[in-house]
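Values in this text are rule-based calculations from the coordinates and carry no lab data. A quick note: this is a predicted structure, and the numbers were derived from the prediction, not measured. Counting neighbours? That spans all protein chains shown, and the Cβs are built from the backbone with ideal geometry, glycine included.
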Amino acid sequence: MSGKTVSLFIQCLVDTMFPETGEAMITVFDRLGIPYEYPIGQTCCGQPAFNSGYQRDAAAAAKHFIELFEEAEVIVCPSGSCVYMVRHHYPELFAGDPSMQSRALAIGAKTFEFTQYLVDELGIIDVGAEFPGSVTYHDSCHLSRGLGIAEQPRTLLKNVRGLELIEMKDSDTCCGFGGTFSVNYPEISVAMADEKIDNILDTKADTVTGCDISCLMNILGRISRRGEDVRVLHIAQVLAGGKGGKVDRGEKA
Amino acid sequence: MTSQYRIDAQKGIDSPRLQASLHGLQDRFGKGAMALWAGMDDKDMRKRVKKSRMKNFEHLDILLAELAQNVRARGGNVYFAKTAQDAIDYTLEVARKNEVKRVVKGKSMLSMEIDIDPALADAGIEVVETDLGEYIIQLAGEKPSHIIAPCIHMNRNQIGELFAEKLGIDYTNDPPALTLAARKALREKLLSADMGLTGCNLACAETGHISLVSNEGNIRMATTMPQVHVALMGMERIVATLEEHRETVQLLTRGAALQKLSTYVSFLGGPSSANDPDGPKEFHLVIIDNGRSKILADPEFREILACIRCGACLNICPVYGRIGGHAYNSPYCGPIGAVITPLLDGINKHADLCKGETLCGACKDICPVQIDLPRMLAALRHKLAYGSDRWNTRQHNPAEAYAFTLWRLLVTRSFLYRPFLKIGRFFQRPFVNKNKMIRKMAGIGSGWTDGRDLPPLAKRTFTELWIEKYSKNRTTQPAVPEEEK
């Protein structure tokens, strides 16, 4: 497959803590013949500052992002909340600056979440992956409520050979991450993660997956502390499974 | 220091009884409301009602004047209270003139917002709640923990014990028996009260009525049996026409209790007359501002006034669902409370309510009038981040502001950001455990590691891997030249 060259927008947490998620995305793109490139100067989209109220600081990060990605044909990110930030909050941040705002809107229009890009933009519903095991899927908030993406990842998962998708109760209830909320209100955050993990365990699936590494980091961190026997994998890692697939991190915690 | 919000949140989390109640509540009413909205034939109704609510705010003064005129024409009294104290003073004066000894209340969150009960008690007046849930709370000497279901934090065994102690009945935990006991006790109060004090769900300008929805019939008695009825109304609770009223009240009862219509909808608008002998001798409508004008004047927050207080957002919020209502330390809890309480009572004072949510957006989805609560939570945090003269708010956390300034410096300059990551990677080494996780951090990081493990910074960032492994034989876009900005 040829077509537009994807500019990889690698979320800061993927870049610094979960690079295997970015590599898994590359594996999937290679298998599908999707061309891609990586703008080197990228850092963080600004979401942590925005959600904490520091809009001026977030706007500085947004400006950096816009300048870096302006020439991209299409931008794809393995994180729903970062895409939501770019699409919905960037234009708000520049409400008083029409020229920056139109640049933000233009960037937003060509920024897609990973599964959304595959299914909605390229019409791919089977990435040719193999993944033996049972998987349950967590709907992250900004992805499902904000961007309306819930079916796309499920479609891709259902077409993975050997994979059994088991729905959990309240899959679209927040996992309790919430950015700085998770460290400022840890008791509430952990209680919410526990609720999520109990629902994951009830499915008896051996893997939990999702499209946002931040939620998965929260779930993984609590699963690891509780000593539960469930793998936590980003959906790109599940979809990378199979020949040439690389599914390393997230070994049973 | 751990804030009161966090301490009370922990208490809620630690209470199995509360957790069981909240699970039941959210599974039934939260999911039920979402299913109702999804299955509604009239898909535009919520949007239409929201639009009419917002449109009415553009000429609220005219609508309120029309309402007042129509109530007065029917012989009712209307008083505009600028502050909570004005509303209390007026009500006390009415009580004094009528030599009121006992007040029966309909469920009114506004009465709690202005905190009128202690003032009535100080004037030697007995105050009795007549909504079953509020009555239980009053007997227990507690505060409501849900806008619609005030005693959701109690179970029937507790209520049985409470009734045995306070009403002198034999212990039972049978809900019908308990309800009957309350009914008997409340009947006596209702029949002998001198004043009914209620809220106002909606007021209709065109007809000059207020309306109250209830399922227990207590509102109807409290507004017709006593000689005097005082209704407390938030100045934003107005619709222009009866047609608007019809649609708005339908969303209210659906959002609150999944009902197409509540058991009772009472329309009240004046004293009894020769043609209409039922009702009080005096009717007083107290239209209360108490900070609402200020909200109305700010385009960023005006939308919150569209709230019809159905409480649906509490029935879905995953934070409320874990911590319960008492942690909010306000008559208004849950997502609506987290926005309206700081606006009415001080943003700095209630900083934890502004910051203590995940912005997951469930509240916006369930809100019958689609209020964007997460947007306003972020806006409140913006006030706390930099301070705001308009809202008389000072910068909440200078250390955090400083940290974000540093963060900004790094994320806008990748030539600083990259070395910074390497330094972090070096210093994290002693903390990384055998299972490749960080188990303990100091300072702010302990917020994470007290209950969770943290994956460490990777040995190679994706950027480094890209340069080493993937960028070869590929036309890579060069990095944007980094200049000092």
Mean per-residue count of partner chain Cβ within 10 Å for B:372-381 equals 3
Going through A:K196/B:K364; B:K43/B:K105; A:K169/B:K422 one by one, the pairs whose alpha carbons sit over 30 Å apart turn out to be B:K43/B:K105; A:K169/B:K422
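Would you mind checking A:K204/B:K31; B:K11/B:K101; B:K97/B:K184; A:K63/A:K158 for any pair whose Cα atoms are more than 32 angstrom apart? Each step should come with its number before you reach the end.
Details: A:K204/B:K31 24 Å; B:K11/B:K101 38 Å; B:K97/B:K184 30 Å; A:K63/A:K158 38 Å.
Over 32 Å apart, Cα to Cα: B:K11/B:K101; A:K63/A:K158.
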Plugging the Cβ-Cβ distance of A:E167 and B:K436 into 1/(1 + (r/R0)^6) at R0 = 30 Å yields, to the nearest 0.05, a FRET efficiency of 0.50
Once amide hydrogens are built 1.01 Å from N within the peptide plane, the residues lying 5 or more places from B:L202 or on another chain with amide H under 5 Å from its amide H are B:S211
Taking 0.36 nm per residue of separation between B:R460 and B:Q259 and subtracting their Cα-Cα distance, the length gained on full extension comes to 66.7 nm
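Any idea what the alpha-carbon Rg over 2.2 N^0.38 Å comes to for the stretch B:236-322? Present the calculation step by step, with values, prior to reporting the outcome.
Working: Rg = 16.8 Å, N = 87, 2.2 N^0.38 = 12.0 Å.
My calculation over the Cα atoms of the stretch B:236-322 gives 1.40.
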Placing one equal point scatterer on each C-alpha of the stretch B:42-105 and summing with Debye, one gets log10 I(q)/I(0) at q = 0.17 Å⁻¹ equal to -0.84
One can check that the equivalent ellipsoid of the protein assembly as shown, built from the alpha-carbon gyration tensor with semi-axes equal to the square roots of five times its eigenvalues, has lengths in Å, largest first, of 52, 27, 23
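Counting Lys and Arg as +1 and Asp and Glu as -1, each charge on the Cβ, what is the dipole of the protein assembly as shown about the Cα centre in debye, to the nearest 20? Display every interim value, and only then the final one.
On the way: 87 positive and 89 negative charges, 237 e Å.
Here the size comes out at about 1140 debye.
Sort the following peptides by mean Cβ neighbour count (other Cβ atoms within 10 Å, averaged over residues), highest first: A:70-76, A:87-93. Spell out each step's value before the answer.
Values: A:70-76: 17.0, A:87-93: 20.7.
In descending order of packing, they fall as A:87-93, A:70-76.
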Cys in chain B lacking any partner Cβ under 4.7 Å -> B:C151, B:C200, B:C204, B:C307, B:C310, B:C317, B:C333, B:C354, B:C367
Percent antiparallel among DSSP beta bridges confined to the protein assembly as shown, nearest 5, equals 20 percent
Low-density loop trypsin sites (Lys or Arg not before Pro), the stretch B:346-446, at most 14 other Cβ within 10 Å, DSSP non-H/G/I/E/B, are B:K349, B:R390, B:R394, B:K434, B:K436, B:K440
Quick calc: nm separation of the 7 Å Cα→Cβ label points for B:T405 and B:S293 -> 3.8 nm
Of the stretch B:100-120, those with amide N under 11 Å from the point 7 Å along the Cα→Cβ vector of B:T83 are none
By the mean-Cβ-within-10 Å protection proxy, highest first, B:18-28, B:303-313, B:268-278 rank as B:303-313, B:18-28, B:268-278
Averaged over residues of A:226-232, the number of beta carbons from other chains lying within 10 Å of each residue's Cβ is 1
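Could you state, as a whole-number percent, how many of the C-alpha pairs of the stretch A:180-226 are farther apart than 11 Å?
Numbers: 734 of 1081 pairs.
Counting pairs separated by more than 11 Å, the tail of P(r) holds 68 percent.
Residues of B:350-359, mean number of Cβ from any other protein chain within 10 Å of their own Cβ, rounded to a whole number?
Details: counts 0, 0, 2, 0, 1, 8, 6, 5, 15, 10.
That works out to 5 on average.
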